[in-house]
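The values are calculated or read from the model by the stated rules, or taken from the named source; none is laboratory data. On a predicted model such as this, the values are computed, not experimentally measured, just so you know. No Cβ is skipped: glycine too gets one built from the backbone with ideal geometry, and neighbour counts run over all protein chains shown. Accessible surface areas use protein heavy atoms only, side chains included; no ligands, DNA or RNA. Shrake-Rupley method; radii C 1.70, N 1.55, O 1.52, S 1.80 Å.
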Amino acid sequence: MTFRERYVRWAELEATVKGWAEAHPELVRLESLGVTPEGRDIWLVRIDPDPERVRPSVWVDGNMHASELCGSSVALSIAEDVIRLHTEPDADLHGLSARAKETIRDVPFLVCPRISPDGAEAVLTTGRYVRSVPRDDRPNKAHPHWIGGDVDGDGLSLVMRKEDPTGEYVESKEHPGLMVPRGIDDDGPFYKLYPEGFIENWDGSVVPTPTFLSDNDTDLNRNFPWDWAPEPEQIGAGPFPTSAPESRAIVEVATRTPQLFAWLNLHTFGGVLIRPRGDAPDVDMDQEDLAIYRQIEKWAKDIVGYPTVSGFEEFTYEPKKHVRGDLTEWAYVHRGCLAWVCELWDLFAQMGFERPKRFVEHYTRLDREDLEKIARWDREENQGRILRPWRRAHHPQLGEVECGGADPRVGISNPPYEVLPDLCRRKSSMFLRVAAMAPKVVVSEPAATSLGDGLTRIEVVVENRGYLPTYVLTSAKKLPWNEPLWADVRAEGCELATTAETRREVGHLDGWGRGLYGGGAAIYFARSRGTTSSHRMQWVVRGSGNVTVRVGSCRVGWTEKTIAI
């Protein structure tokens, strides 16, 4: 498939998912979460052979940030692998056991491969920088600000440089064309670097400082309801939570789907998994939750080769100032999901850069030697896709400039095409194992015992045979919608001896999994929990007829069993 080999435009993505739905109508269904201002559907791919039966489900999304195209490729690869799991049940898939594959086949997958179709299309066709969506709905536009555009007529919108004695950059002597921070021993010429484009509301004198949101107002990953805060406290937050139609569509569908238990939010770049909590250190995190995340961390390291970091301890852009309004924290805190970000593409590991104490500093603590090392790698192993030649052009506002410079799309923001297939394979292999952690409620066949005088005792055993508990995460137990299991009894032709017992609470059931280094891991005291994963229930029925027992909850779905008396 082309999406495993390169980054596809929206029309190709749409053709792919529609092709799956047409080829496998019994398995794949498409849902448009909405239509963007530029007229593109935000497609959600549902993979489920039994869509009327509610049961624990997983969510995958990608390309929330426009330039982070690799997320779409990985999300589509996961979807394609799950389709194959259903259509070729005996095929080898990532070394999964028969038992694991059987478990995964009973898990519905909801895959949104491209949250920002308009943004991705702008990046793919023009190379311009777009954080999330290429629109600006802010009412305050009177100030001077940059608007991306093609200045030199080559169809791209990359970077401009202009000679200036106060410039902060010089051209590398080792790698012509590469711009590096100016040092005290440099002779020049010196340059100012600006986005290729034009200054809106320019006064003819003062050049505004570019920002990553110069001409697009909302960062979708700051627009979700959890711990949302407006600007200037949180840059890119938008005017209110879910003000962007893309983020609102996700919140609406996820809130209607309480059975979601795992959430994979795909970004680039860095080669790292970022897990909760984003607002507090690990000592304040639920320790049972943390043990489950350690299992995912091990899979990430062993299968994908990525480390896992705390969002608060290693991925805050400013110390002690956590990111607000992001998707995975909302999915974890509000929706009780085992949620995390994966920053695909380990450029820093490829370069052999030493990991800083705080992983996020990888992105900013690069000296001239580091930048030249990346330029050398680009020339020798990336076919020179990053460094573009500088072309002279006349700018209607700034005069003589040069356009070109760094094109980050393939090599920085996203991995080279040559490594994309293996990355898709490894990331899918890891996430399918997470899907195999699903809670699995099993209700035994009802057993009947005659008590005489027309009375019969009905007995069932309810078990959770899955890895995760029916509440999924300990921290999620308190959420009002995360209801415990309930049992309903319906009698036809007979009646319950005690009519008040037509509905009884079963309670939550533990799973067999305990994560890594959690309870029971101590070599000096390896012990199991008691009967916390099962519950035995009995009713007394008077007369003859059919008795149906229905057990479940909105989180794990419902199971019915019927017995004739």
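Screening the candidates R388, R358 for the property of being more than 19 Å from E174 (Cβ to Cβ), open to solvent by 30 Å² or more (accessible area, probe 1.4 Å) and either of a type in the set (D, E) or out of contact with any Pro (no Cβ under 6 Å at 6 or more places or on another chain) (or both) yields one hit, R358. Considering the range 67-102, and only residues there that are open to solvent by 40 Å² or more (accessible area, probe 1.4 Å) and of a type in the set (S, T, Y), the residue that is nearest to A435 (Cα to Cα) turns out to be S97. Restricted to the range 501-528, and to residues there that are of a type in the set (D, E, K, R) and under 33 Å from the mean Cα position of the chain (by Cα), the residue that is farthest from V556 (Cα to Cα) is R514. For residues that are within 25 Å of R376 (Cα to Cα) and open to solvent by less than 90 Å² (accessible area, probe 1.4 Å), tally how many sit in the range 169-212. Qualifying residue count for the region: 21. Of all residue pairs spaced 6 or more apart or on separate chains, those with beta-carbon atoms under 6 Å, a first member in the range 140-169 that is in contact (Cβ under 8 Å) with a residue 24 or more places away in the chain and over 19 Å from Y191 (Cα atoms) and a second member that is of a type in the set (F, W, Y) and part of a loop (DSSP other than H, G, I, E, B) are P144/W202.
Tell me, please, whether a residue that is more than 30 Å from E102 (Cα to Cα) and of a type outside the set (F, W, Y) can be found in the range 429-449. Outline the logic, then answer.
Step one: list which residues in the range 429-449 are more than 30 Å from E102 (Cα to Cα), which gives 448-449.
Adding the requirement that they be of a type outside the set (F, W, Y) leaves 448-449.
Yes, there is a match, as at least one residue in the range 429-449 is more than 30 Å from E102 (Cα to Cα) and of a type outside the set (F, W, Y).
Taken over the range 391-417, the residue count meeting the criterion of being open to solvent by 10 Å² or more (accessible area, probe 1.4 Å), at pLDDT 95 or above and either touching a strand residue (DSSP E or B) at 6+ places or on another chain (Cβ under 7 Å) or acidic (D, E) (or both) is 9. Considering R425, R433, the condition of being touching a Leu at 6+ places or on another chain (Cβ under 9 Å), open to solvent by 20 Å² or more (accessible area, probe 1.4 Å), farther than 30 Å from G167 by Cβ and part of a helix (DSSP H, G or I) is satisfied by R433 alone. The residue that is surrounded by the fewest Cβ atoms within 10 Å (Cβ to Cβ), counting only those in the range 485-516 that are in a strand (DSSP E or B) and basic (K, R), is R503. Looking at the range 1-82, the strands (runs of 3 or more DSSP E) lying wholly inside it that each contain 1 or more residues that are within 21 Å of H94 (Cα to Cα) and modelled with pLDDT of 95 or more sit at 41-47, 57-62.
Checked against (1) surrounded by 15 or more Cβ atoms within 10 Å (Cβ to Cβ); (2) over 30 Å from L30 (Cα atoms); (3) at pLDDT 95 or above, R114 meets all criteria but (2).
When the residues of the range 438-472 are filtered to those that are part of a strand (DSSP E or B) and among the polar types (S, T, N, Q), the one that is surrounded by the most Cβ atoms within 10 Å (Cβ to Cβ) is N464.
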